[in-house]
Amino acid sequence: MSKFSVTLVQLVVYSLLQLVFFKDVTLFNRALCFVYAAPLLLLPLDTKPVPAMLIAFFVGFTIDIFYATGGMHTAACVMMMFLRPYVLNLITPRGGYDLSVQPFFHIMGARWFLIYSCLMIAIHHFTLFLVEAFTFSHIVQTLLTTLFSTLFTLSVILILQILFHKN
Amino acid sequence: MRQLLLLLARYRNFFVFLMLEAVALGLVFSKNTYQSASFFAFTSSVAATWNQGWEYFRQYLYLQKQNDVLAEENSLLLKRLTQRSRYTGVSDSLYINGYSFIAARVIQNSIAFQNNFLILDKGTDDGVQPGMGIITAQGVVGKVKSCTSRTALAYSFLHSDLSVSVRIKRIGVIGTLKWNRTNTTEANLLYVSQHEKVALGDTVITAGFNAVYPPDLPVGIISHISYSGATTEGNAFLNLKVRLFTNYATLSHVYIVKHPMANELKELQKQTLLPQAD
């Protein structure tokens, strides 16, 4: 299978998982899981920012339609993909990247993957909850929700990686 | 011109980013203006079918629990019916122009955001109009924001814009109930003066001023009282917290409240400068 179709399958599967199951899950009345962001994290490292942002736009828009949330998820996904090159630069491993691969847990190593996905998911969730609250006056609430949701989403993504993406 | 094109090409990532974000935020705001339901109407034809189908499947998992809730509600209604029956035969405008209720199901619900919304499976075809209240037997659920022919988008009570006029049952004092954004089981009771003799455990009921929610519906009980200087324009108010009866995480069957005079009352209230609460 070509790289493109692999990504497409991942996008469809993770979106379905989000809409069928994780849409109804809220932990401690506080933490939400947005696992549909995982295939965006896992886009091949040589994906150019403009196509990446366009993909993010369509994924976010689809999720927004089913959540009836206007453009909140779209804004968060586009923001995440815009900042991805900077995040990647920030945590370049010794010897640089192998640009042709998808940054899976078992390829990139646990430490790199944890830092990378934690930063990216935090960006996504913070944008999402900030646009949702649309005020800085309740920033503590926004930050708490972001923190708990990031931990939740990160754990789910890690579990799915270890279970299903292992060679 | 060449310089401009070069500049655009050089920072194309940033410009594409700005453009996409502008579109996304535009969608957020076109949806959030009170009257505009166009985006919701467009997307709901796709999403409502999906959500509704999925929700109907999911509800089989909770049938037993729902039966219990409905049976409890039935017994309450029977009790009220027997109390009311002695008035039968009296043609009082109170009963003719009274409240009627449209039973609806929640097909989408959120509680973790700071502004939460519900989607219900009844729309204008069933007589639902924007501005109608939504209740269960356990209290206030929310208020309809916009409708399509088959579905309605509603503010949850867990929304920062929604406030409800309530009354403390034992002493008859009125106040405004507003969610405090932190805890889905708790709300703040505002504008109760410090000289009122409020006690812990007092029941809070709806006041029913706007005909959005019916009067005397129990909403919660007072769980916290403090005098710590909540002052507004020189008036000292009590700092009250109310534990809500409704469990917003498990909403399923709700009633949309219909009142023939709701619009007239709303028009009248627009002429005053009082804080707006339903």
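The values are calculated or read from the model by the stated rules, or taken from the named source; none is laboratory data. Predicted model only: the values in this text are computed from it and were never measured. All Cβ positions, glycine included, derive from the backbone under ideal geometry; neighbour counts span all protein chains shown.
If you go through the range A:66-99 and pick out every residue that is surrounded by fewer than 20 Cβ atoms within 10 Å (Cβ to Cβ) and out of contact with any Asp or Glu (no Cβ under 6 Å at 6 or more places or on another chain), you end up with 15.
Condition check for residue B:188 on (1) within 14 Å of chain A (Cβ to nearest Cβ); (2) over 21 Å from residue B:237 (Cα atoms): one failure, at (2).
Going by the structure shown, is residue A:96 more than 11 Å from chain B (Cβ to nearest Cβ) and part of a loop (DSSP other than H, G, I, E, B)? Against the criterion (more than 11 Å from chain B (Cβ to nearest Cβ) and part of a loop (DSSP other than H, G, I, E, B)), residue A:96 qualifies. Between A:122, A:76, the distinction of being at pLDDT 85 or above and in contact with a Gly (Cβ under 7 Å, 6 or more places away or on another chain) belongs to A:76 only.
Residue-wise test of (1) more than 17 Å from residue B:114 (Cα to Cα); (2) small (Gly, Ala, Ser); (3) part of a helix (DSSP H, G or I); (4) within 14 Å of chain B (Cβ to nearest Cβ).
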{"position": "A:84", "(1), (2), (3), (4)": "yes, no, yes, yes"}
{"position": "A:89", "(1), (2), (3), (4)": "yes, no, yes, yes"}
{"position": "A:103", "(1), (2), (3), (4)": "yes, no, no, no"}
{"position": "A:114", "(1), (2), (3), (4)": "yes, no, yes, no"}
{"position": "A:120", "(1), (2), (3), (4)": "yes, no, yes, no"}
{"position": "A:128", "(1), (2), (3), (4)": "no, no, yes, yes"}
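Filtering the range A:90-101 to residues that are over 14 Å from residue A:122 (Cβ atoms) and either among the small types (Gly, Ala, Ser) or at pLDDT 85 or above (or both) leaves A:95, A:96, A:100. Only one of the listed residues (A:19, A:45) is away from chain B (no Cβ under 12 Å), surrounded by fewer than 21 Cβ atoms within 10 Å (Cβ to Cβ), in contact (Cβ under 8 Å) with a residue 12 or more places away in the chain and more than 21 Å from residue A:130 (Cβ to Cβ). That residue is A:45.
Candidates in the range A:22-59 are the residues that are part of a loop (DSSP other than H, G, I, E, B) and among the aromatic types (Phe, Trp, Tyr); of these, the one that is modelled with the lowest pLDDT is A:28. The residues listed here are A:38, A:52, A:31; of these, the one that is out of contact with any Cys (no Cβ under 8 Å at 6 or more places or on another chain), in contact (Cβ under 8 Å) with a residue 60 or more places away in the chain and either β-branched (Val, Ile, Thr) or more than 9 Å from chain B (Cβ to nearest Cβ) (or both) is A:38.
Being at pLDDT below 70, loosely packed, with under 15 Cβ neighbours inside 10 Å and away from chain A (no Cβ under 11 Å) holds for only one residue in B:70, B:63, B:78, and it is B:78. Within the range B:6-26, the set of residues being within 9 Å of chain A (Cβ to nearest Cβ) and either in contact with a Ser or Thr (Cβ under 7 Å, 6 or more places away or on another chain) or not in a helix (DSSP H, G or I) (or both) comprises B:24 only. In the range B:186-204, which residues are in contact (Cβ under 8 Å) with a residue 24 or more places away in the chain, loosely packed, with under 14 Cβ neighbours inside 10 Å and either more than 13 Å from residue B:172 (Cα to Cα) or outside the structural domain of residue B:168 (by TED's automatic domain parsing) (or both)? Hit for the range B:186-204 is B:200, nothing else. Considering each residue of the range B:133-152 in turn, none proves to be without any contact (Cβ under 8 Å) to a residue 12 or more places away in the chain and away from every other protein chain (no Cβ under 14 Å).
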